[in-house]
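*Asks:* Quick one: the structure is below, questions incoming.
The values are calculated or read from the model by the stated rules, or taken from the named source; none is laboratory data. In this text the structure is predicted, and so the values were computed from the model without any measurement. With ideal geometry, Cβ positions are generated from the backbone for all residues, glycine too; neighbour counts draw on all protein chains shown. Side chains are part of the model used for accessible areas, which takes the heavy atoms of the whole protein and leaves out ligands, DNA and RNA. Shrake-Rupley method; radii C 1.70, N 1.55, O 1.52, S 1.80 Å.
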Amino acid sequence: MKTKVRQLLEDGRVDAFLAYKTIHGVPYPALFTRENVDELEPWAPFKARYPVTKILLAQARQNPEKTYGVLVRGCEERSLNELFKWNQLARDKVVVLGHACTEDLALYCECPKPYPDQLDYGEAPAPVSKSRRLEELEAMPENDRLQWWLSHFNRCIRCHGCRDVCPVCFCTECSLEHKELIPAQKLPPDTSFHLVRAVHMAGRCIDCGLCEEICPAGIPLRALYKRVNHLVENIFQYKTGVADGKSPFTMLGDESFLPAGPR
Amino acid sequence: MQSPFEPKILAFLCNWCSYAGADLAGVSRLQYPPNIRVMRVMCSGTVSPHHVIHAFQRGADGVLVAGCHIGDCHYIKGNYMTLKRMTFVQELIRFAGYNPERFRLEWISSAEGVKFAEVARDFTEKVRSLGPAPPFEASPRLAMGI
Ligand code: SF4
Ligand code: SF4
Ligand code: FES
């Protein structure tokens, strides 16, 4: 990896490369430039996950003229695809190296695609397509489901962690902080806090699971967003996270996405 | 004696077709139940899923969104967005554990006063039969003494 990254930096293909640096035995995201490329470690699989593409987005927003390289997992590549499609990052300003996740990480994450299309390091493990929680939820009678969700939403402390960690939450103004829509200073927040976020994740969430992992209240958020994107897939035949296409909610007048129904 | 359940229904009607349809129902003196509270919007495409969720959150028993027929929207394709969003939001409501029949999307033109009255009657009866909507709100921790 060092050779490849050094090459990219020396050829001027990228101005900086976002990879990892081990500190106290834990890999942390770090930016490498020509000055410190020697500190780059050889690639080895690891389990720590970060919203790297969000870090990349913050960098790119500060230095729009620069080109960045980045080492991505499957989920991170999907989030890059979304950031390109939603015009948050320019495709020609990002160079990608990809690495596969380990099989146990893929199982832990219940990851539908634990490797990137651009696979440079590691071997692709088998995808996990089932979500046990989603299956349980779908089998539940309606009212039980409502109570189930409410009992979880009840614990929300409104820390905004789910939004802040999300690699595809890129807005600079957030509906979750819209006081008329979701009354401020209410704890737990209105149910709409979670449903509004769910609406925004439709056609955007790439199912990385970081939100659920970070939620201090242990709210099963991922099931909500997973379901929302199954809906988008079923109604509009649109798959989130792939390289091409556009979310049905981005285009005002496109007929190809019109679902069947009364006219 | 307890008074019988009267559903509260919020209707978002677009200015150019559905609101005019409701108006026509009024001037034609068609009978329809007074449970429908109308909110006039410029185009049904301006109704966000947030508004629908918010309405339930604030105690609506049913929500109706009505706009021009596809092809007749006065902003040409505004109601394409309505159709996409509302089809989606109805399924989201279902997954959250709400009866999706509490939500309805209709196309009503300015000439369809009769259709408006029919929809109003039919939807009110439907929602009445479903009973009061369950609270859509997490209970405050303080009330639980924590
Ligand atoms: S799983 Fe959560 S953090 Fe990841 S993209 Fe979806 S909403 Fe964002
Ligand atoms: S991370 Fe969890 S507790 Fe924090 S705002 Fe999101 S849902 Fe609420
Ligand atoms: S103006 Fe009536 S739906 Fe757009």
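*Asks:* Right, B:Tyr75: open to solvent by 70 Å² or more (accessible area, probe 1.4 Å) and either within 30 Å of A:Leu176 (Cβ to Cβ) or away from chain A (no Cβ under 13 Å) (or both) or not?
*Replies:* Taking the combined requirement at face value, the residue satisfies it.
*Asks:* Picking from A:Pro141, A:Pro127, which residue would you name as being more than 14 Å from every other protein chain (Cβ to nearest Cβ), farther than 20 Å from A:Phe249 by Cβ and open to solvent by 70 Å² or more (accessible area, probe 1.4 Å)?
*Replies:* Criteria check complete, one pass: A:Pro127.
*Asks:* For the range A:152-165, give me each residue that is out of contact with any Ser or Thr (no Cβ under 9 Å at 6 or more places or on another chain) and more than 6 Å from ligand 2 (Cβ to nearest atom).
*Replies:* Passing the criteria: A:His152, A:Arg155, A:Arg163, A:Asp164, A:Val165.
*Asks:* Here's another thing I want to ask about it. Within the range A:160-168, is even one residue touching a residue at least 40 places away in the same chain (Cβ under 8 Å), more than 16 Å from ligand 1 (Cβ to nearest atom) and open to solvent by 10 Å² or more (accessible area, probe 1.4 Å)?
*Replies:* No, the range A:160-168 contains no residue that is touching a residue at least 40 places away in the same chain (Cβ under 8 Å), more than 16 Å from ligand 1 (Cβ to nearest atom) and open to solvent by 10 Å² or more (accessible area, probe 1.4 Å).
Residue-wise test of (1) facing chain A (nearest Cβ under 7 Å); (2) in contact (Cβ under 8 Å) with a residue 12 or more places away in the chain; (3) in contact with a helix residue (DSSP H, G or I) (Cβ under 7 Å, 6 or more places away or on another chain).
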| residue | (1), (2), (3) |
| --- | --- |
| B:Phe56 | no, yes, no |
| B:Cys68 | no, yes, yes |
| B:Leu83 | yes, yes, no |
| B:Arg128 | no, yes, no |
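*Asks:* Considering only the range A:198-223, how many residues are assigned to a helix (DSSP H, G or I), open to solvent by less than 10 Å² (accessible area, probe 1.4 Å) and within 18 Å of A:Lys54 (Cα to Cα)?
*Replies:* Of the residues in the range A:198-223, 1 are assigned to a helix (DSSP H, G or I), open to solvent by less than 10 Å² (accessible area, probe 1.4 Å) and within 18 Å of A:Lys54 (Cα to Cα).
*Asks:* Let me ask something additional. Considering only the range B:21-48, state which residues are within 16 Å of ligand 3 (Cβ to nearest atom), in contact with a strand residue (DSSP E or B) (Cβ under 7 Å, 6 or more places away or on another chain) and more than 30 Å from A:His200 (Cβ to Cβ).
*Replies:* Answer for the range B:21-48, where residues must be within 16 Å of ligand 3 (Cβ to nearest atom), in contact with a strand residue (DSSP E or B) (Cβ under 7 Å, 6 or more places away or on another chain) and more than 30 Å from A:His200 (Cβ to Cβ): just B:Ala22.
*Asks:* Still on this structure, I have one more. Looking at the range A:41-60, can you tell me whether even one residue there is more than 24 Å from the chain's Cα centre (by Cα) and open to solvent by less than 70 Å² (accessible area, probe 1.4 Å)?
*Replies:* yes
*Asks:* Inside the range A:219-245, can you point out the residues that are closer than 17 Å to B:Thr87 by Cα and among the β-branched types (Val, Ile, Thr)?
*Replies:* A:Val228, A:Val232, A:Ile235
*Asks:* Among A:Leu187, A:Leu195, which is within 13 Å of another protein chain (Cβ to nearest Cβ), more than 30 Å from A:Phe46 (Cα to Cα) and outside any loop (DSSP other than H, G, I, E, B)?
*Replies:* A:Leu195
*Asks:* Could you check how many residues of the range A:78-101 are assigned to a loop (DSSP other than H, G, I, E, B) and open to solvent by less than 10 Å² (accessible area, probe 1.4 Å)?
*Replies:* 1
*Asks:* Scan the range B:113-126 for residues that are touching a strand residue (DSSP E or B) at 6+ places or on another chain (Cβ under 8 Å) and either among the aliphatic types (A, V, I, L, M) or free of Cβ contacts under 8 Å to residues at least 60 places away in the same chain (or both) and report the count.
*Replies:* Total satisfying the criteria: 2.
*Asks:* So if I check each of A:Ile182, A:Ile235, which one is more than 17 Å from A:Cys75 (Cβ to Cβ), more than 11 Å from ligand 1 (Cβ to nearest atom), surrounded by fewer than 22 Cβ atoms within 10 Å (Cβ to Cβ) and among the β-branched types (Val, Ile, Thr)?
*Replies:* None of the others qualify; the one that does is A:Ile235.
*Asks:* Scanning the range B:19-40 for residues that are in contact with a Leu (Cβ under 9 Å, 6 or more places away or on another chain) and more than 19 Å from B:Arg58 (Cα to Cα), which turns out nearest to ligand 2 (Cβ to nearest atom)?
*Replies:* B:Tyr19
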